[in-house]
Amino acid sequence: MIQISKQDLLKQLYKSNTPGLIEKINNHKIGIAGCGGLGSNIAMMLVRSGVSNLVLVDYDKVELSNLNRQHFFQEDIGKNKTDALHDILNKINPYLNIIPINQRLLNENIFKVFKDCSIIVEAFDNIESKSMILKAFSDDRFNSKYLIGASGLAGINSSNTIRTKQIGEKIFICGDFRTEVNTTTGLMSPRVMLVAAHQANMVLRVISGLRES
Amino acid sequence: MKIKIEFVGYLDIKGVKDNSWINIEEPLSISEFLIVHNINRDNQKYLIATINKKIVPLTYILCDLDELFLHLPVGGG
């Protein structure tokens, strides 16, 4: 770990970032629902972009089979994903305000878990949870929040099929909307990363007041 | 009554073209509308509907000039 003051570290770390963005970013707490292929990569990109307030939620532990696409390492195997990711993110910026929550997200706890977040990133791998979080956005308690979800990222189809679409006033979905994971498609790092990058970029665009068509 | 309908991905709504305006003879909920077009309640379980960019339950009764968007999430992550 380099030994410099917090002020100098943050100045150097983010000196190549888009000017003026860091001040806006600091006003937001971002919730990441799921810390697997999408969530671990989204969190990594957001921290590199200057996001320091994060709520990380997952109930799973790191397995060897995750390392083909998830931002973990062999030394993390067996750890809670939220804790392992917290440690990794701290290696980029040790001055983060991260709340790791080792829980399964359900209808019963989702409003409490993300109460203080202005933007929630849906990074689940299963259709049930994806549908659950989208339906939660019809509830008044989420009226003021943004959701950035994912749908369709399996296999090695063309990168150019992946897009970001605004489906609600404050709801965006990234992916090709079509390619599901099965025995013929599989889950490959490039397209998982592509969708994660779309989601992370959309977080920054929302923070900047920008939208999508 | 006329509604606009848009859907993405592998949703196949029999007799309905994506991004088109269609006529509905009588007031129907979104769920009833989908049943008419061969999407039964079992296949509606994970379906997300928005009307004029707001998420609504499938029990929502369609109104004239509503813009309906349907999204069936795809697994993987």
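The values are calculated or read from the model by the stated rules, or taken from the named source; none is laboratory data. Bear in mind the structure is a predicted one, so any value in this text is a computation, not a measurement. Every residue, glycine among them, receives a Cβ derived from its backbone with ideal geometry; neighbour counts consider all protein chains shown. Note: areas computed on protein heavy atoms with side chains; ligands, DNA, RNA excluded. Shrake-Rupley method; radii C 1.70, N 1.55, O 1.52, S 1.80 Å.
Of everything in the stretch B:52-77, what is aliphatic (A, V, I, L, M) and open to solvent by 10 Å² or more (accessible area, probe 1.4 Å)? Give them in sequence order.
Taking the stretch B:52-77 and keeping what is aliphatic (A, V, I, L, M), we get B:55-56, B:58, B:61-62, B:65, B:68, B:70, B:72, B:74.
Answer for the stretch B:52-77, where residues must be aliphatic (A, V, I, L, M) and open to solvent by 10 Å² or more (accessible area, probe 1.4 Å): B:55, B:56, B:58, B:61, B:65, B:72.
Just checking, how many residues over the stretch B:7-43 are open to solvent by 50 Å² or more (accessible area, probe 1.4 Å) and under 19 Å from residue A:167 (Cα atoms)?
First, pick out the residues of the stretch B:7-43 that are open to solvent by 50 Å² or more (accessible area, probe 1.4 Å): B:10, B:12, B:14-15, B:17-19, B:21, B:23, B:25-27, B:32, B:35-36, B:38, B:40-43.
Narrowing further to those that are under 19 Å from residue A:167 (Cα atoms): B:10, B:12, B:17-19, B:21.
Number of matching residues: 6.
Pull out all pairs, ordered by first then second residue, where Cβ-Cβ is under 8 Å, the residues are six or more apart or on different chains, the first lies in the stretch B:43-67 and is at the interface with chain A (Cβ under 9 Å from one of its Cβ atoms) and under 18 Å from residue A:169 (Cα atoms), and the second is assigned to a loop (DSSP other than H, G, I, E, B) and open to solvent by 90 Å² or more (accessible area, probe 1.4 Å).
B:53/A:169; B:54/A:169
Within the stretch A:178-188, identify whether any single residue is more than 9 Å from chain B (Cβ to nearest Cβ), touching a residue at least 60 places away in the same chain (Cβ under 8 Å) and open to solvent by 40 Å² or more (accessible area, probe 1.4 Å), and answer yes or no.
Looking through the stretch A:178-188, at least one residue is more than 9 Å from chain B (Cβ to nearest Cβ), touching a residue at least 60 places away in the same chain (Cβ under 8 Å) and open to solvent by 40 Å² or more (accessible area, probe 1.4 Å).
For the stretch A:1-102, give me every one of the strands (runs of 3 or more DSSP E) that falls completely inside it and has 2 or more residues that are in contact (Cβ under 8 Å) with a residue 40 or more places away in the chain and crowded, with 24+ Cβ neighbours inside 10 Å.
A:30-33, A:53-57
Going through the stretch B:17-32 one residue at a time, which ones are under 27 Å from residue A:212 (Cβ atoms), among the hydrophobic types (A, V, I, L, M, F, W, C) and away from chain A (no Cβ under 13 Å)?
Within the stretch B:17-32, B:21, B:22 qualify.
Residues that are more than 14 Å from residue A:33 (Cα to Cα) and not in a helix (DSSP H, G or I): does the stretch A:103-110 have at least one? Can you show your working first?
As a first pass, look at the stretch A:103-110 and keep what is more than 14 Å from residue A:33 (Cα to Cα): A:108.
Then drop every residue that is not not in a helix (DSSP H, G or I), which leaves A:108.
So far as the stretch A:103-110 goes, yes, one or more of its residues are more than 14 Å from residue A:33 (Cα to Cα) and not in a helix (DSSP H, G or I).
State all residues of the stretch A:185-213 that are farther than 16 Å from residue A:161 by Cβ, small (Gly, Ala, Ser) and in a helix (DSSP H, G or I); if no residue qualifies, say none.
A:189, A:200
Is there a residue being surrounded by 15 or more Cβ atoms within 10 Å (Cβ to Cβ) and under 16 Å from residue B:9 (Cβ atoms) anywhere in the stretch A:132-141? Outline the logic, then answer.
Our first condition is that a residue be surrounded by 15 or more Cβ atoms within 10 Å (Cβ to Cβ); within the stretch A:132-141, this holds for A:132-138.
Applying the additional criterion that residues be under 16 Å from residue B:9 (Cβ atoms) yields A:134.
Yes, because at least one residue in the stretch A:132-141 is surrounded by 15 or more Cβ atoms within 10 Å (Cβ to Cβ) and under 16 Å from residue B:9 (Cβ atoms).
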